[in-house]
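Novice: For reference, the structure I am asking about is given below.
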Amino acid sequence: MTLISRNGLTRRSLLKTSALAAAGTLATPALLRAQSSELVAGCAGSHTAWMEALVVPHMKKTLGADILFEGTKSSVNLEKMASNRDNPYLSVVQMDDPVMIQAVEEDLLAPITAEAVPNMTDLRPDAVHMDGMWCNYVQPWAGIAYNTDLTEGVPSWQALWSPEAQGRIIIPSLQNTEGMWTLFMAAMLGSGKPFAEAQYEIDAAFAKLEELKPNLLSVYSTMSQAFNLLEQGEISMLSGSFSSYALPRKAEGVPVDLAAPQEGIFAMPSGICLVKGGPNAELATGYVNEMLGAELQAAIADFATSVPANTTVTAGAVIPDGVQIYSPDWAFVSQNRREWIDRFDKLMAI
Amino acid sequence: MTDMTPISPADRHYLDVWGVAKSFKGTRVMSGMNFRVDRGELVSLLGPSGCGKTTLLRIIAGLMEADDGSVVLGGRDITRQPAHRRNISVVFQSYALFPHLTVAENVAFGLRARGTAKSATAAPVAEALRLVRMSDFADRPIAALSGGQQQRVAVARALVVGPDLLLLDEPFSALDRKLRETMQVELKSLLRDRGITAIFVTHDQEEAMGVSDRIAVMNAGRIEQFADPSTLYARPASPFVMDFVGLSTRLAARVTARDGDLLSLETALGPVRAPGDLAPGSAALLAVRPELVALGQGENTLSVTLEDVMVLGSKTMLHGRAPEGDRILCELPGIRTGLARGETVSLGWAVADTLVYGVDP
Amino acid sequence: MTARVDRIALLAVPGLAYLAVVYALPLLLLLAKSVRTPDGLSLAEYGAFFADDYNMGVLARTLRVAALTTLLALLIAYPTAFAMARARGPWLTVFLVAMVLPMSLGVVVKAFAWSILFRANGFLNTALQGLGIITEPMRMLFTETALVVGAANVFLPFMVLPIYAVVRQMDSRLPEAAASLGASPWFRFFHVTLPLTLPGVVAGSAFTFSMAISMYVIPSLIVGERQQTLSMLIARSFLYLRNEPLGSTISAVLLAIAILVVVSSSVLARRLGARQ
């Protein structure tokens with residue numbers, strides 16, 4: 001996490017911000033206002049590596065801007081935006097689509113337009129959401145990560161339920177976006193319907209998930225820890241794992257691989273949005289434009305083994321052949337997620 | 001290890017500390033320590049700090065293990081016994097009363113530790129508190145007591161269990177002078193009346209002389225002299241004992257001649273004669289107690305210039321001018337006037353009162 | 001005289017102001033949320049919280065884990081405090097550094113270290129199998145036992161240091177006096193040493209217990225989402241369920257427990273202190 005420590009501080013803004021901090025908001029480090037050449041971006045913790053290596057130098061070069069970023073979970077980014085609604089310090093936020101929908105509902109976002117962000121026109125049509133409230137920039141794909149010393153591959157999602165896997169798998173919590181993949185696959189396998197219909201069969205999904213319990217070593221909310229256990233061979237499979245994390249680890253020679261089982265894989269919903277009333281609006285649109293541009297898309301897609309949304313780019317991860325890639329109805333997810341989380345936690349409780 | 005022969009039954013004493021040695025971190029602080037006490041005796045271990053008196057007390061109490069030697073109490077070898085099986089009570093310098101217990105609970109502690117039922121402790125505790133005149137304080141917390149009261153409680157706590165031996169580590173040092181003297185008299189008669197065998201550890205010679213039948217003067221891990229107070233004072237066995245017990249004139253001297261038991265010596269202030277057993281030519285230290293010195297001629301006489309005249313009420317102390325390291329003292333009874341600093345007087349004393357110690361050159 | 005006392009009292013102002021602004025004020029706002037409903041003030045959230053079996057299970061686990069953590073930390077800390085009080089010179093430094101240094105190590109790092117210890121092929125399982133105590137690897141990761149062991153490790157200094165402070169102040173003559181009065185080692189421990197060190201035990205236990213009931217990162221890392229504690233429930237309410245009244249209610253319950261522990265322990269400590 002990068003702390004903001006330069007000034008541009010007036011007494012009034014200090015009073016205002018301390019009052020805000022005192023008012024029980026999440027303890028944000030951004031007590032100070034950014035200078036005109038500074039831009040504060042919210043992003044995911046897993047973005048930190050490429051934000052530092054690629055985005056910060058790129059923005060300095062092209063926009064002359066100093067990017068300060070805070071990497072955390074999507075829901076924490078949402079909470080930061082909501083708590084500072086009257087006096088936002090974040091200008092741009094990179095977070096997951098279902099949380100984007102919540103942010104739109106809470107009226108926290110400003111739309112992205114092709115006039116201000118020309119590179120938007122090069123995106124795949126399905127990468128622009130709700131008339132430009134947010135866009136996908138690069139998207140990792142998600143399947144099942146497995147330890148290559150213990151398993152030869154994962155041909156089907158059914159492998160998660162196999163008796164041999166007893167106590168040897170970990171799945172993400174529904175608090176994490178990647179937790180949805182196990183839920184939707186359980187819906188498909190449980191209902192026997194194709195994904196488009198199955199994604200609404202939530203009771204079938206939970207019934208199937210209940211059968212998974214004997215195989216679960218744990219349910220994670222911190223992915224790195226769970227992935228470490230996979231690398232160490234404590235578990236054989238990690239459900240919902242995605243290419244931007246798993247494949248670079250594989251490339252480093254760790255005995256793990258990411259499987260694309262026959263039933264299909266999922267596109268991680270990495271979105272970028274403008275914060276409504278966020279400081280330095282012009283710099284913010286410039287930042288988004290660069291994030292959607294060919295040069296940076298290619299670099300990030302390569303760095304993070306992801307699929308670029310800009311159609312003029314050919315770099316990055318290749319989606320495995322002959323496997324269906326799904327993108328769920330995020331509006332439905334967003335509408336029901338709280339209830340699912342509660343139900344999931346109670347179902348999985350020991 | 002001077003005496004390795006077994007003790008014959010006839011020699012057996014109530015307390016027999018024999019051949020005890022102790023080292024701390026490789027430094028030997030005590031070796032071949034022999035120390036014997038008879039039943040009912042009140043004995044003091046007297047010496048400066050670091051002389052080993054507390055070490056010896058702790059070894060006897062079982063609070064410290066000796067490296068070598070043995071401790072026998074009443075015919076029972078307790079060398080290897082832990083403190084709580086020895087039936088030796090200790091009164092500590094700080095009293096070490098239990099701050100979380102009341103006065104009565106403190107006194108009852110030893111009885112309870114020995115398995116006495118709570119109800120059965122009431123009578124002996126009351127009796128012990130009566131003995132030390134603390135009956136009215138039975139239910140008070142320790143923190144509410146004065147130093148003298150705490151000491152009484154500590155004594156009651158130590159005595160109520162009927163110890164075979166009572167050890168007291170500087171028991172009066174925390175009290176002011178007046179209270180100390182009162183407590184000494186009280187405690188001595190209490191121990192006498194009950195026939196308790198007790199060992200006091202102290203660095204205060206007046207205290208030792210006041211409370212003890214015998215005093216062991218200790219220095220550097222050894223007992224220099226173990227004798228009754230009057231012998232110790234009148235016939236100190238070494239310059240150390242002489243200096244530690246009371247004041248005295250001391251003069252560096254050389255033996256000039258010897259006639260039987262009578263030595264002739266030369267000092268910086270003139271010739272002196274003394275009984276002794278030293279060869280002519282040898283270096284000596286000569287001493288005489290100040291109250292044995294009088295104004296005017298004596299068997300030994302020195303002409304001395306007065307350096308100071310101190311009127312102390314019951315006595316007057318004259319300090320004579322002496323060379324570096326020497327000291328001349330004369331104590332006269334009552335208040336003496338008419339003597340002034342700078343005046344030259346004759347000081348005389350008997351040959352028999354003169355003490356002589358050989359000095360290694 | 002009055003003026004001087006007042007001036008000294010002024011020294012407390014920065015601390016009190018700091019606490020008021022960054023602690024008391026947000027806390028009050030938080031608590032207000034737990035009783036404020038669209039229909040006015042109500043305790044309905046509390047009723048709903050206590051009526052839910054899942055929540056009761058989490059509450060019971062939180063209290064059980066905190067109690068076991070406190071007990072384990074106490075069993076380890078008590079002899080350690082005595083060893084420290086006896087240590088001199090470089091040894092004391094070694095002890096203090098060993099106590100304080102791990103505090104600077106993040107819990108996340110520690111959690112990774114523990115997973116090495118608790119894995120199926122980890123140190124503990126290998127050792128137990130090597131000793132022939134177990135034949136099959138025991139599941140230790142993601143168990144309550146691992147959580148208690150890990151939490152006790154993190155909070156150990158907060159148990160050791162108060163006990164150490166009391167032990168160091170204790171007159172070493174007191175156990176000796178007890179021995180000379182015929183008290184066996186057991187009797188000495190239960191009638192002298194333990195009662196005299198009890199204030200330290202109470203203080204350390206209160207510290208440890210109140211930290212253990214509110215711990216969040218340690219259970220998230222060691223047992224994960226399947227065995228939630230009150231703090232995890234709070235985070236989940238605010239961040240994922242976006243249910244502020246529920247989060248505030250659980251916070252209030254947690255706070256009430258913590259206040260109960262702190263108040264009763266200080267009453268107990270004062271009573272013990274009054275006797276001394």
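The values are calculated or read from the model by the stated rules, or taken from the named source; none is laboratory data. Nothing here was measured: the structure is a model prediction, and the numbers come from that model. A quick note on method: Cβ atoms are made from the backbone with ideal geometry, for glycine too, and the neighbour counts reach across all protein chains shown.
Novice: Please go through segment A:306-340 and pick out each residue that is among the β-branched types (V, I, T) and buried (at least 19 other Cβ atoms within 10 Å of the Cβ).
Specialist: Within segment A:306-340, A:V307, A:V313, A:V333 meet the criteria.
Novice: Quick test for you: out of C:T193, C:T208, C:T197, pick the one residue that is closer than 30 Å to C:F95 by Cβ, among the polar types (S, T, N, Q), surrounded by fewer than 19 Cβ atoms within 10 Å (Cβ to Cβ) and modelled with pLDDT of 90 or more.
Specialist: On inspection, the qualifying residue turns out to be C:T193.
Novice: Within segment B:227-234, can one find any residue that is assigned by the TED database to the domain that holds B:S94, closer than 24 Å to B:G276 by Cβ and not in a helix (DSSP H, G or I)?
Specialist: The answer is yes, given that some residue of segment B:227-234 is assigned by the TED database to the domain that holds B:S94, closer than 24 Å to B:G276 by Cβ and not in a helix (DSSP H, G or I).
Novice: Kindly indicate which of A:A187, A:A196 is touching an Asp or Glu at 6+ places or on another chain (Cβ under 6 Å), of a type in the set (G, A, S) and either assigned to a helix (DSSP H, G or I) or surrounded by fewer than 16 Cβ atoms within 10 Å (Cβ to Cβ) (or both).
Specialist: Within the list A:A187, A:A196, the selection yields A:A187.
Novice: Kindly list the number of the only condition in (1) surrounded by fewer than 15 Cβ atoms within 10 Å (Cβ to Cβ); (2) under 20 Å from the mean Cα position of the chain (by Cα); (3) within 14 Å of chain A (Cβ to nearest Cβ) that fails for C:T62.
Specialist: Only one criterion is unmet by C:T62, namely (1).
Novice: Additional query: Report whether or not B:N87 is more than 20 Å from B:M218 (Cα to Cα) and either more than 14 Å from chain C (Cβ to nearest Cβ) or not small (G, A, S) (or both).
Specialist: Yes; evaluated as a whole, the condition is true for this residue.
Novice: Take A:V288 and decide whether it is over 28 Å from C:R226 (Cβ atoms) and at pLDDT below 90.
Specialist: The answer is no for A:V288.
Novice: Right, another one. Among the helices (runs of 4 or more DSSP H) confined wholly to segment C:185-276, which include 1 or more residues that are touching a helix residue (DSSP H, G or I) at 6+ places or on another chain (Cβ under 6 Å) and within 14 Å of chain A (Cβ to nearest Cβ)?
Specialist: Those helices (runs of 4 or more DSSP H) span C:217-222, C:230-235, C:244-274.
Novice: For segment C:93-125, what are the residues that are in a helix (DSSP H, G or I), within 13 Å of chain A (Cβ to nearest Cβ) and out of contact with any helix residue (DSSP H, G or I) (no Cβ under 9 Å at 6 or more places or on another chain)?
Specialist: Within segment C:93-125, C:V109, C:A113 qualify.
Novice: If you take the residues in segment B:108-122 that are outside any helix (DSSP H, G or I) and loosely packed, with under 13 Cβ neighbours inside 10 Å, which one is farthest from the other protein chains (Cβ to nearest Cβ)?
Specialist: Per the criteria, the residue is B:A117.
Novice: Another question, then. Run down B:V185, B:V160 and say which single residue is touching a helix residue (DSSP H, G or I) at 6+ places or on another chain (Cβ under 6 Å), in the same structural domain as B:L73 (by the TED database) and either closer than 28 Å to B:G52 by Cα or crowded, with 18+ Cβ neighbours inside 10 Å (or both).
Specialist: After applying the criteria, what remains is B:V160.
Novice: Which residue pairs have Cβ atoms under 6 Å apart, sit 6 or more places apart or on different chains, and have a first residue in segment A:215-229 that is more than 7 Å from every other protein chain (Cβ to nearest Cβ) and a second that is buried (at least 20 other Cβ atoms within 10 Å of the Cβ) and outside any helix (DSSP H, G or I)?
Specialist: A:N215/A:I169; A:A226/A:I170; A:A226/A:Y220; A:A226/A:L238
Novice: Additional query: When you scan segment A:289-303, how many residues do you find that are of a type in the set (A, V, I, L, M, F, W, C) and surrounded by fewer than 24 Cβ atoms within 10 Å (Cβ to Cβ)?
Specialist: Total meeting the criteria: 4.
Novice: Take segment A:290-339 and flag every residue that is in contact with a strand residue (DSSP E or B) (Cβ under 7 Å, 6 or more places away or on another chain) and in a helix (DSSP H, G or I).
Specialist: A:M291, A:L292, A:A294, A:Q297, A:A298, A:I300, A:A301
Novice: To continue, here is another question. If a residue has to be of a type outside the set (A, V, I, L, M, F, W, C) and loosely packed, with under 15 Cβ neighbours inside 10 Å to count, how many in segment B:274-327 make the cut?
Specialist: Number satisfying all stated conditions: 16.
Novice: While we're looking at this one, here's another question. Against the definition (of a type in the set (G, A, S), touching a helix residue (DSSP H, G or I) at 6+ places or on another chain (Cβ under 6 Å) and buried (at least 21 other Cβ atoms within 10 Å of the Cβ)), how does A:G240 come out, yes or no?
Specialist: Judged against the criteria, A:G240 is a match.
Novice: Quick check on my filter: what residues within segment B:133-156 are touching a Pro at 6+ places or on another chain (Cβ under 7 Å) and buried (at least 18 other Cβ atoms within 10 Å of the Cβ)?
Specialist: B:I142, B:Q151
Novice: A further question follows. Please go through (1) closer than 26 Å to A:Q324 by Cα; (2) surrounded by fewer than 21 Cβ atoms within 10 Å (Cβ to Cβ); (3) away from chain C (no Cβ under 14 Å) for A:A205 and return the number of the only condition it doesn't satisfy.
Specialist: Here A:A205 clears every test but (2).
Novice: Still on this structure, please answer the following. Which of the residues spanning segment C:168-177 are in a helix (DSSP H, G or I) and more than 7 Å from chain B (Cβ to nearest Cβ)?
Specialist: Result: C:R168, C:Q169, C:P175.
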